[in-house]
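The next block holds one structure in the form of structure tokens; read it before the comments.
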Amino acid sequence: MVKRCIECGGRILNEAEDTIDAGLKDGPAYRVTVKAEICATPQCGAKYYSLQEIERAELAAALKMAENGELTGRTLGCCRTVLGLPLERLARLYRISPRLLERIESQEVPLTRSFADPIIARLGQEADAAGPLPEAFVVH
């Protein structure tokens, strides 16, 4: 069965590569190549991404951010979100109050490398489990 575009009703190409930007809303963005389904109608060109591809792109960007980017509370919050860790659970793991973790993520309280290292290690484990991730390049 031929897939149809929701926007124009045209035929959907089975698979193509596209780039998306992933990262923090007000911070660094990383360009990641992902698989997409793209409408074959030139005037439309609507793009459809699977949730799995979006999650892989977010994981690749978060890992690159954690490894090479500026290590901030916002970065920690992004990594926590990508890992699917609720704030309360991460606070329990660190044996701190959820309010303190909120203050770290909002950058009211400075983030130390020793505090963030376990999150970065967990992010690396998640990346390994996900298989090969797309390369993430910082967008200038």
For this session: Tell me which residues, restricted to the range 41-54, are at pLDDT 90 or above and either of a type in the set (Phe, Trp, Tyr) or touching a Lys or Arg at 6+ places or on another chain (Cβ under 7 Å) (or both).
Result: 48, 49
For this session: State all residues of the range 86-140 that are touching a residue at least 24 places away in the same chain (Cβ under 8 Å), loosely packed, with under 15 Cβ neighbours inside 10 Å and small (Gly, Ala, Ser); if no residue qualifies, say none.
Result: 106, 124, 130
Problem set entry | Residue among 66, 91, 61 that is closer than 17 Å to residue 18 by Cβ and small (Gly, Ala, Ser) | 61
Exercise. Does residue 71 qualify as being touching a residue at least 40 places away in the same chain (Cβ under 8 Å), closer than 13 Å to residue 28 by Cα and in contact with a Leu (Cβ under 6 Å, 6 or more places away or on another chain)?
Worked result: no
Exercise. Which of (1) in contact with a strand residue (DSSP E or B) (Cβ under 7 Å, 6 or more places away or on another chain); (2) closer than 28 Å to residue 135 by Cβ; (3) exposed (fewer than 13 other Cβ atoms within 10 Å of the Cβ) does residue 52 not meet, given it meets every other one?
Worked result: (1)
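The values are calculated or read from the model by the stated rules, or taken from the named source; none is laboratory data. Nothing here was measured: the structure is a model prediction, and the numbers come from that model. For neighbour counting, all protein chains shown are included, and Cβ atoms are generated from backbone atoms with ideal geometry for every residue, glycine included.
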